[in-house]
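Have a look at the structure below, then the notes.
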Amino acid sequence: YLDADIEIPPVLIHPFIAVRGGLNCSVGRAGKGKTVMNLNRMIRWSAGLPMFDGWTDKDGAHVLAPDEPLKVLIVENEGAAGMFHRQFGQMITNEEYLSKEARELALDNCLIWGEGGYSHLKLDNDEKLNELRGGIEEWKPDMVFIEPFRSLWNGEENSSTEMNVVVDALVGIATDFDCGVWISHHEKKGGHGEDDKMSAARGSSVLEGIVTVMENFESASGGDQRELSWSKSRYEVPPI
């Protein structure tokens, strides 16, 4: 067993923050900037850029970075079309934020489902699920970002049976289409308390058991700044 080579999925975002066939989850409080943060990195990754220009490892390699520009499908499922449209436009047209070349790559590689409007996606509805799968099959994205997680089904948030249907659908998309899937989810009231941060996600514990990476997005330094940390990573210890 110890001499065997264990196959690791192809890495989309180094170091092992996102892999093909994997499901990632960002957890944080509502209204703290998760959506903006996630849109920011999806745009940058679609242009082949790291999430942060100045963050490198001990060997000088960029952290939270793709090897090449990624095709990204962004599904807005909260009904915040105006906010998505405004934030995406501000980021992708800001000349101080993206070079002309990077902006052209991002515009080519980012697809907003439904022209930025509410997708009405429900993964416990076969018709809606098949519609999404058909779109992914046609677009062939490297990464699918869906925001937010809670609105993806009609049932109870605390039901492990009902949540399992949704999580299985997301994992099925990741494995069937050889892409990464990234979701954003709200933190439960009171946060993780004395438990591990991985338990901070609202609802059933099914999600924390299945995800490849669990990421925590929190207020820091008196609330003016944000802290990003990882409470689960299946293939390698994430950057600190």
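The values are calculated or read from the model by the stated rules, or taken from the named source; none is laboratory data. All values derive from a computational prediction rather than experimental measurement. A quick note on method: Cβ atoms are made from the backbone with ideal geometry, for glycine too, and the neighbour counts reach across all protein chains shown. Calculation scope for accessible area: heavy atoms of the full protein, side chains included, ligands and nucleic acids excluded. Shrake-Rupley method; radii C 1.70, N 1.55, O 1.52, S 1.80 Å.
Can you order the peptides 220-229, 120-129 by their average number of other Cβ atoms within 10 Å per residue, highest first?
On the way: 220-229: 10.7, 120-129: 15.6.
Listed from highest to lowest mean packing, they are 120-129, 220-229.
Based solely on its DSSP helices, what 222 nm [θ] is calculated for the chain when runs of n ≥ 4 H residues each add -39,500 (n - 2.57) and the sum is averaged over all residues, nearest 500 deg cm²/dmol?
Working: 6 runs with 72 residues, N = 240.
That comes out to -9500 deg cm²/dmol.
Can you give me the long-range amide H partners of Lys32? Hydrogens built in the peptide plane at 1.01 Å from N, cutoff under 5 Å, separation of 5 or more residues or another chain.
none
Leaving out ligands and nucleic acids, and using a 1.4 Å probe, what accessible area per residue does the chain come to in Å²?
On the way: 11890 Å² over 240 residues.
It amounts to 50 Å² per residue over the chain.
When the Karplus curve 6.51 cos²θ - 1.76 cosθ + 1.60 is applied with θ = phi - 60°, which whole-Hz ³J(HN,Hα) does each residue of region 61-67 get, with x for Gly and Pro?
With the stated coefficients, region 61-67 comes to 7, 5, 9, 6, 9, x, 6 Hz.
Which entries in Lys34/Lys232; Lys34/Lys189; Lys100/Lys122 show an alpha-carbon gap greater than 28 Å? Please list the in-between numbers first.
Values: Lys34/Lys232 18 Å; Lys34/Lys189 16 Å; Lys100/Lys122 37 Å.
Beyond 28 Å between Cα atoms: Lys100/Lys122.
Could you sort 31-41, 208-218 so that the peptide with the highest average Cβ count within 10 Å comes first and the rest follow in order? The partial results should precede the final answer.
Values: 31-41: 17.6, 208-218: 20.7.
The most tightly packed comes first, giving 208-218, 31-41.
For region 1-79, which chymotrypsin sites (Phe, Trp or Tyr not before Pro) are both in a DSSP coil and crowded by at most 10 other Cβ atoms within 10 Å? Could the numbers behind the result be given before it?
Values: sites: Tyr1, Phe16, Trp45, Phe52, Trp55; in loops: Tyr1, Phe16, Phe52, Trp55.
Of the chymotrypsin sites (Phe, Trp or Tyr not before Pro), the ones in loops of region 1-79 whose Cβ has at most 10 other Cβ atoms within 10 Å are Tyr1.
In the chain, carbon and sulfur make up what percent of the accessible area (probe 1.4 Å)? Walk me through the numbers on the way to the answer.
Working: 5570 of 11890 Å².
It is 47 percent, rounded to a whole number.
Using modelled backbone amide H atoms (1.01 Å from N, in-plane), which distant-in-sequence or interchain residues come within less than 5 Å of Glu76's amide H?
Amide H neighbours of Glu76: Trp113, Ser119.
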